[in-house]
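Following: one structure in structure tokens, then a few remarks.
The values are calculated or read from the model by the stated rules, or taken from the named source; none is laboratory data. Predicted model only: the values in this text are computed from it and were never measured. We place every Cβ from the backbone using ideal geometry, glycine too, and count neighbours over all the protein chains shown.
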Amino acid sequence: MARSEQVFALYEKIKKSVVKDIESGKLKPDDKVHSETKLARIFNASRMTANRALKELTEEGRIVRVQGVGTFVARPKPGAALLEIKSIAKEIADWGGVHSSQILVLKQEKVKEEIAQKMNLNPGDAVFHSIIVHKDKGVGVQYSERFVNPKVAPHYLDQDFNKITPSEYLLQVAPVQEAEHIIEAVNCKRQIQKHLKIKPDEPCMSLKRRTWSFDMVATYSIIISPGSRYKLVGKFIRG
């Protein structure tokens with residue numbers, strides 16, 4: 001093995017060892033990490049090689065190096081997304097309401113190009129499509145259109161969404177790895193106004209959401225809510 005390849009292998013080995021200790025919980029946030037001198041000795045490497053490993057871990061946000069003090073495991077940062085994905089039924093229950101659903105669409109279809117691009121699918125691929133109006137004491141509070149990748153939730157169409165919401169079911173079978181939210185004010189289409197029983201000039205909020213599970217796009221949703229009946233509350237707790 002050439003000298004450059006040996007150095008590469010050693011610094012990667014050092015990095016992986018530190019990351020393994022962090023992810024296993026052996027090293028917790030604010031715990032001190034071995035110095036580059038000690039790491040060099042443990043791995044029979046040069047200090048330069050150990051320094052490179054620690055430098056990259058610092059750049060990746062895994063560790064924090066304090067000059068004259070030492071190297072420490074970085075604290076987790078608050079998530080950038082302030083929107084927790086949870087069931088609309090639970091939200092309604094939390095504010096003292098009574099949830100019910102009106103299922104307008106629940107079927108398999110060939111995905112159109114615009115949605116295919118959002119879900120990393122090919123036009124014409126199979127996709128599950130649902131449209132559900134969620135109500136509080138009989139009053140529509142959310143028009144939810146969702147496209148689901150059959151590979152992550154093959155039994156989606158078999159569910160009784162009068163008893164369980166799509167979000168509840170999907171969180172059980174396809175845990176979310178990543179989520180993207182786009183929120184904007186919109187004028188509702190006439191069809192949505194009719195289902196929500198709102199006036200044409202009623203301001204509405206649109207939430208477009210993509211979720212990833214099993215390293216693929218799992219869902220793409222378009223959720224419309226009347227501004228007078230629903231609001232989003234973002235919250236995070238720093239660990």
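Taking the numbered list (1) over 30 Å from Ile164 (Cβ atoms); (2) crowded, with 16+ Cβ neighbours inside 10 Å; (3) modelled with pLDDT under 90 in turn, Ser87 passes all entries but (1). Cβ-Cβ contacts under 6 Å between residues 6 or more apart (or on different chains), taken from a first residue in the stretch 5-33 that is farther than 14 Å from Arg52 by Cβ to a second residue that is at pLDDT 90 or above and in a helix (DSSP H, G or I), are listed as Leu27/Asp21.
Table: residues versus (1) modelled with pLDDT under 95; (2) surrounded by 15 or more Cβ atoms within 10 Å (Cβ to Cβ).
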{"position": "Ile131", "(1), (2)": "no, yes"}
{"position": "Gly140", "(1), (2)": "yes, yes"}
{"position": "Glu145", "(1), (2)": "no, yes"}
{"position": "Val148", "(1), (2)": "no, yes"}
{"position": "Tyr156", "(1), (2)": "no, yes"}
{"position": "Asn162", "(1), (2)": "yes, no"}
{"position": "Leu171", "(1), (2)": "yes, yes"}
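A residue that is under 20 Å from Phe147 (Cβ atoms) and out of contact with any strand residue (DSSP E or B) (no Cβ under 7 Å at 6 or more places or on another chain) cannot be found anywhere in the stretch 198-210. When residues in the stretch 139-170 are screened for being within 19 Å of the chain's Cα centre (by Cα) and under 14 Å from Ser221 (Cα atoms), 10 of them pass. Is there a residue in the stretch 2-12 that is part of a helix (DSSP H, G or I), at pLDDT 90 or above and crowded, with 18+ Cβ neighbours inside 10 Å? Checking the stretch 2-12: not a single residue is part of a helix (DSSP H, G or I), at pLDDT 90 or above and crowded, with 18+ Cβ neighbours inside 10 Å.
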